[in-house]
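Presented below is the structure to which this report refers.
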Amino acid sequence: MASLPTSPSADSRTRVSALREALATRVVVADGAMGTMLQAQEPTLDDFQQLEGCNEILNLTRPDIVRSVHEAYFGVGVDCVETNTFGANHAAMAEYDIAERVYELSEAGARIARETADEYTAGDGRPRWVLGSIGPGTKLPTLGHIPFLTIRDGFQANAEGLLAGGADALIVETTQDLLQTKASILGARRAMDNLGVDVPLVCSMAFETTGTMLLGSEIGAALTALEPLGIDMIGLNCSTGPAEMSEHLRYLARHSRIPLLCMPNAGLPILTKDGAHFPLGPEGLADAQENFVRDYGLSLIGGCCGTTPEHLRQVVDRVRGLAPGERDPRPEPGAASLY
């Protein structure tokens, strides 16, 4: 493992402070899909070091491809991009027998995004930020697939690499199992403590068309379990399009004490002979996100599977100058409130 920085730089502290200010006062727009953009450039098996489908390897072998995705999104006006590290965790990398490379791949992914963001900021002076992506992995600890401490420590290595590479915030995303989510958040917190940094920690959950998370947790239970962990923001991404997220966002808007985010897919996928097709066009995503910002007071928006730079271009145009709608949250009592 590479040596870790002992303290954040002044530039880093300034960027993080500016991000916190932006999230508190306006709508911050993140990027869209990463995986499909990478695959569209047809990386070879050699690019993957014979680990087909391991997108995180491209951070080392083809940083030019990864950089081009970040450039495509910054080029349409987004404020921040997510790192190409969705699978840089113990569970996912162990399936390729490279679990020991979690830190290395995370640091490389963050560094590519950081360099790209800094280039755009240098060009026009407008701040650009990097969200360090912490994906869910492929094992569900609630079902006994993997020990809790094993994935917690793996997520810590993931987060330490992201922070060392220059991430301005950490986003625990596409979470499906509340115990896995807790492991991710605690791992991220341990990483920040270890490195002596304090960046926004964002949590984004994935809800199925059934209305619950994969293991059956409903939105109220998720909020009750996660909000006390000290996260800075909560919301939804992936799994469905915006239409299926509306009621969950309505609940969060009414009851969450912390700010909200939403990064939906471009609708529910339709299976075709050429693979999954996402039917929601750029205008439809922009319509939905504009409504969510006004109605539910979202502070951070973006896109997930099936969304493209054109989707995000229209979102950026639609919410430019828009302030999040006012919220008056009324938290519901839960077990955590007893303590």
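The values are calculated or read from the model by the stated rules, or taken from the named source; none is laboratory data. Just so it is clear, the model here is predicted, and its values are computed rather than measured. Heads up, the Cβs are rebuilt from the backbone with ideal geometry, glycines too, and the neighbour counts pull from every protein chain shown. Protein only, heavy atoms only, side chains kept; ligands, DNA and RNA dropped before computing areas. Shrake-Rupley method; radii C 1.70, N 1.55, O 1.52, S 1.80 Å.
Annotations
- Note on segment 68-114: among residues that are open to solvent by 20 Å² or more (accessible area, probe 1.4 Å) and without any contact (Cβ under 8 Å) to a residue 40 or more places away in the chain, the one that is farthest from the chain's Cα centre (by Cα) is 97.
- Residue match in segment 192-205 (condition: part of a helix (DSSP H, G or I), open to solvent by 10 Å² or more (accessible area, probe 1.4 Å) and modelled with pLDDT of 95 or more): yes
- The residues of segment 271-280 that are surrounded by fewer than 21 Cβ atoms within 10 Å (Cβ to Cβ) and either in contact with a His (Cβ under 8 Å, 6 or more places away or on another chain) or modelled with pLDDT of 95 or more (or both), listed by number, are 271, 279.
- Residue within segment 78-95 that is in contact with a helix residue (DSSP H, G or I) (Cβ under 6 Å, 6 or more places away or on another chain) and charged (D, E, K, R) present: no
- Hey, residue 225 in contact (Cβ under 8 Å) with a residue 60 or more places away in the chain and crowded, with 16+ Cβ neighbours inside 10 Å or not: yes
- One residue stands out in segment 258-312 among those that are of a type in the set (Ser, Thr, Tyr) and assigned to a loop (DSSP other than H, G, I, E, B): the one that is farthest from residue 222 (Cα to Cα), namely 308.
- Residue, nearest to residue 203 (Cα to Cα), within segment 232-252, restricted to residues that are of a type in the set (A, V, I, L, M, F, W, C) and open to solvent by 10 Å² or more (accessible area, probe 1.4 Å): 238
- In this entry, residue 65 passes the filter for residues that are under 14 Å from residue 35 (Cα atoms), touching a Pro at 6+ places or on another chain (Cβ under 8 Å), without any contact (Cβ under 8 Å) to a residue 60 or more places away in the chain and aliphatic (A, V, I, L, M).
- Subset of segment 80-95 (residues that are in contact with an Asp or Glu (Cβ under 9 Å, 6 or more places away or on another chain) and not polar (S, T, N, Q)): 80, 81, 82, 86, 87, 88, 90, 92, 93
- Subset tally (residues that are buried (at least 23 other Cβ atoms within 10 Å of the Cβ) and closer than 14 Å to residue 325 by Cβ) for segment 281-292: 2
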